[in-house]
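Accompanying notes for the structure given below.
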Amino acid sequence: MHPNTRVKVFYLCQKAVTHPIAPLFDPKESDQDGYLNDQEFDNFQRKCFDKLLPESDLSRNKQAIQKLSAESITEKGIDVRGFILWNKMYAEGGRHEIIWTILRAFHYTDSLSLKDSFVNPKFEVPPYSSAELSPAGYRFFVDLFLLFDKDNDGGLNDQELAALFAPSPGLPSSWADYSFPSSTFRNEAGHITLQGWLAQWSMTTFVEPKTTLEYLAYLGFESLEKGGTMAALKVTKPRRRRRRPGRVDRNVVSCYVLGASQSGKSSLLDAFLNRPFCQTYHPTIKPRTAVNNVELQGGKQCYLIVRFIVAQTTGDFLADEIGRQLEELGELEPAILENQVKLDTCDILCYTYDSSDPDSFSHIVELRVSLTAA
């Protein structure tokens, strides 16, 4: 091996110890107490090397770590600093292959980035079908929620959410568009509940399954089934093939709410998320999205995504400007009704009107006419 190559390999291994190795501590530290206990270390060994580390070797490793950092070895196990030191010892001792074996087991490339095929696996959703979480996917997100709800209050506060998403780039960017966490069910303290957490991921999977797959990779989903993270998702039957009206075979349903200004669209979404009615009218100038679980006739539970579409501008300068932007993006009512792709992903059209305002109902008639014409 050329000397320069050896230097580069050593540099990468050193970088590996401080760059991706530390994040690897999180997914294998299953109880999130900040320490790798012996069982968790055995699981780590089995994943990386397909065998257990002899107890005598584990004891020697602990002693070596303790000499470098006495506080890193406790009755609870090895802390993250000790874990890094353990890997650093191998790197500095010339045992580079051990570091690379660990990195390969966690899907890292030679450049210390996650494999694109792992983060973004090929996943296609046929026309008129949709993506949903599989039972394994729901189980993973339930376990994740319970693991990070440290105070057991039934909600994830900002600190708990930050800890949960620490191995990832942060909250999915699309969640900001939904104004998360106000897009789903929260407790009285404003923290997302397990019900809201599962609803949010159900919506994300329905709207952008590739984002869910990406975060399953970051957050440590593992499956013995072929396909890796794709085992957490499933594809529904095409909508056009459903033969029994009124029967819902899917777990996630999409609804557009249409209606004139001041017809109660915002109040409908607030009630859907169990929020109090506001007597003061505040015009909504941007589309809103909400998701929650609902019980259908017969007791079946499903997740309903409700998105209300802006009808028109209000005369306010800011509202008019945003309205023009929405019109360009095709997010106003006429554009939605003329967009067959959007309508194909919609299961329900909900019309709202103010019974005291005849023009409000006339607006629905006009929408129905335009929809029929389309």
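The values are calculated or read from the model by the stated rules, or taken from the named source; none is laboratory data. What you are looking at is a predicted structure, and each value in this text was computed from that prediction instead of being measured. Cβ: placed from backbone, ideal geometry, glycine included. Neighbour counts: every protein chain shown.
A few comments on the model shown:
- In region 327-346, residue modelled with the lowest pLDDT [restricted to those that are of a type outside the set (Asp, Glu) and over 14 Å from Phe308 (Cα atoms)]: Leu329
- A count restricted to region 298-326 and to residues that are surrounded by fewer than 16 Cβ atoms within 10 Å (Cβ to Cβ), modelled with pLDDT of 80 or more and of a type in the set (D, E, K, R) stands at 1.
- Some residue of region 69-79 being among the β-branched types (Val, Ile, Thr) and over 26 Å from Tyr218 (Cβ atoms): yes
- Some residue of region 270-285 being modelled with pLDDT of 85 or more and within 26 Å of Ala136 (Cβ to Cβ): no
- Among residues of region 164-197 being in a helix (DSSP H, G or I) and surrounded by fewer than 16 Cβ atoms within 10 Å (Cβ to Cβ), the one that is farthest from the chain's Cα centre (by Cα) is Asp177.
- Residues of region 198-230 that turn out to be at pLDDT below 95, of a type in the set (Gly, Ala, Ser) and not in a loop (DSSP other than H, G, I, E, B), as a count: 2
- Members of region 343-355 that are touching a residue at least 60 places away in the same chain (Cβ under 8 Å) and either exposed (fewer than 15 other Cβ atoms within 10 Å of the Cβ) or touching a strand residue (DSSP E or B) at 6+ places or on another chain (Cβ under 8 Å) (or both): Asp344, Thr345, Cys346, Asp347, Ile348, Leu349, Cys350, Tyr351, Thr352, Tyr353
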